[in-house]
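Student: Take this structure, written in structure tokens, and hold onto it; I'll ask about it next.
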Amino acid sequence: MSVEEFEKGYFYATELKAFAKELGIDVGTLRKNEVEDHIKARLSGSKDTPLPKSVSNRKTGGSRDRLLPDSYVVNYVSDKATKAFLKEEISKRDPDLKDKSGQWYWLNDWRKEQIRNNRKITYRELIDRLYELMTTKGRLPRIPSTRFNNFITDFLADPENEGATRQEAMDEWERLKKMPVQKNYQEYKKFRNETA
């Protein structure tokens, strides 16, 4: 399979991980988009591409961290209790601050980057970063591995599709999955216009 063929396909996370294992790639705790990066590098034969490394959330055998601002992030658990703690700390700064789409993804992305760089961080730093994300003007960057969600959002936001239902957008997503193009709204629209 070529990189181009791979990019024009759509794979669920389980399929990607199985394919990566066939190629001899250890996926560990890599996210879907990170697994895709590793696969593309392997398919292209690239040895120079810097690739994301798997980062464990917890030290082996350790109990979960105490949820206090000055506790170090060592055995992180991304669950309701942790999110409630972080949001409670945020509400002390701004009780009216609303959640922002993608905030948890980008918070975890930042946390893992700190770990990759061997930087010790505290929960206060996580709180600070979450606050920055929640107060960012406009939308946060798109989550790379959520092509389906991004497609649905873009399809429904396009004035050409005014009045379209979510079900219609989902039906178009299913059509896109069969098209020989990258799986995003821009490529879908371009292909649709070229073949109309």
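The values are calculated or read from the model by the stated rules, or taken from the named source; none is laboratory data. Note that the coordinates shown come from a computational prediction; the quantities given were computed from them, not determined experimentally. Cβ atoms come from the backbone with ideal geometry, glycine included; neighbour counts cover every protein chain shown.
Student: Within the range 88-104, count every residue that is in contact with a Leu (Cβ under 8 Å, 6 or more places away or on another chain) and either closer than 18 Å to D65 by Cα or in contact (Cβ under 8 Å) with a residue 24 or more places away in the chain (or both). Walk me through how you get there before you give the answer.
Tutor: If we filter the range 88-104 for residues that are in contact with a Leu (Cβ under 8 Å, 6 or more places away or on another chain), which is where we start, we get 90-91, 100-103.
Now restrict to residues that are either closer than 18 Å to D65 by Cα or in contact (Cβ under 8 Å) with a residue 24 or more places away in the chain (or both): 90, 100-103.
Residues meeting the conditions: 5.
Student: If we scan the range 150-170, do we find a residue that is in contact (Cβ under 8 Å) with a residue 12 or more places away in the chain, part of a helix (DSSP H, G or I), out of contact with any Asp or Glu (no Cβ under 9 Å at 6 or more places or on another chain) and among the aromatic types (F, W, Y)?
Tutor: Within the range 150-170, none of the residues are in contact (Cβ under 8 Å) with a residue 12 or more places away in the chain, part of a helix (DSSP H, G or I), out of contact with any Asp or Glu (no Cβ under 9 Å at 6 or more places or on another chain) and among the aromatic types (F, W, Y).
Student: From the set of residues in the range 63-107 that are within 20 Å of the chain's Cα centre (by Cα) and of a type in the set (S, T, N, Q), which is nearest to D128 (Cα to Cα)?
Tutor: Among them, the one singled out is Q103.
Student: Continuing with this model, one more query. Among the residues of the range 24-37, which ones are exposed (fewer than 13 other Cβ atoms within 10 Å of the Cβ) and at pLDDT 80 or above?
Tutor: Residues of the range 24-37 that are exposed (fewer than 13 other Cβ atoms within 10 Å of the Cβ), as a first pass: 24, 26, 28-29.
G24, D26, listed by residue number.
Student: Kindly check whether there is at least one residue in the range 148-167 that is closer than 25 Å to N108 by Cα and β-branched (V, I, T). Please lay out each step first, then the result.
Tutor: First pass over the range 148-167, keeping only residues closer than 25 Å to N108 by Cα: 148-154.
Then drop every residue that is not β-branched (V, I, T), which leaves 152-153.
Yes; the residues of the range 148-167 include at least one that is closer than 25 Å to N108 by Cα and β-branched (V, I, T).
Student: Now for a different question. Hey, any hits in the range 45-55 for a residue that's within 15 Å of the chain's Cα centre (by Cα), modelled with pLDDT of 85 or more and within 17 Å of P144 (Cα to Cα)?
Tutor: Looking through the range 45-55, none of the residues is within 15 Å of the chain's Cα centre (by Cα), modelled with pLDDT of 85 or more and within 17 Å of P144 (Cα to Cα).
Student: Within the range 84-128, which residues are at pLDDT 95 or above, under 22 Å from P141 (Cα atoms) and not aliphatic (A, V, I, L, M)?
Tutor: Selection gives K87, E125, D128.
Student: Being assigned to a helix (DSSP H, G or I), farther than 30 Å from S91 by Cα and in contact (Cβ under 8 Å) with a residue 12 or more places away in the chain is true for just one of L176, L126. Which residue is that?
Tutor: L176
Student: Which residues, taken from the range 143-196, are surrounded by 15 or more Cβ atoms within 10 Å (Cβ to Cβ) and of a type in the set (A, V, I, L, M)?
Tutor: Selection gives I143, I152, L156, A169, L176, M179, V181.
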